[in-house]
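Nothing in this text is a laboratory measurement; each read-out follows from the coordinates by a stated rule. No experiment lies behind these values; they were computed from the predicted model shown. In this analysis, Cβ positions are derived from the backbone assuming ideal geometry, glycine residues included, and neighbour counts consider all displayed protein chains.
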Amino acid sequence: MEKEKTYNESVQRLRAIVTDIEQGGLDVDVLSGKVKEASQLIKFCKEKLGKTDGEVKKILEELQ
């Protein structure tokens with residue numbers, strides 16, 4: 001069973017992908033795969049941030 005990825009793990013992976021791309025020299029097929037993975041990680045992070053934002057707002061409203 002695959003462990004659920006965390007926001008921090010996803011950000012670290014994104015940073016590694018950006019570093020690989022910036023260094024250049026990647027095969028076109030490898031580059032395409034890294035860009036696809038980065039896109040999926042960005043989507044995950046955006047969803048996670050949106051969900052967390054909603055939860056925090058709800059908690060703050062309950063405190064008022």
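Go through the residues of the range 21-33 one by one and say whether even a single one is closer than 20 Å to GLU4 by Cα, of a type in the set (Asp, Glu) and either assigned to a helix (DSSP H, G or I) or touching a residue at least 40 places away in the same chain (Cβ under 8 Å) (or both). No; the residues of the range 21-33 include none that is closer than 20 Å to GLU4 by Cα, of a type in the set (Asp, Glu) and either assigned to a helix (DSSP H, G or I) or touching a residue at least 40 places away in the same chain (Cβ under 8 Å) (or both).
Pairs are defined by a Cβ separation below 8 Å, a sequence spacing of at least 6 or placement on different chains, a first member in the range 41-54 that is closer than 12 Å to LYS5 by Cβ, and a second member that is of a type in the set (D, E, K, R) and surrounded by 11 or more Cβ atoms within 10 Å (Cβ to Cβ); the pairs so defined are LEU41/ARG13; PHE44/LYS5.
Among the residues of the range 38-57, none qualifies, meaning not one is within 19 Å of the chain's Cα centre (by Cα), surrounded by fewer than 10 Cβ atoms within 10 Å (Cβ to Cβ) and assigned to a helix (DSSP H, G or I).
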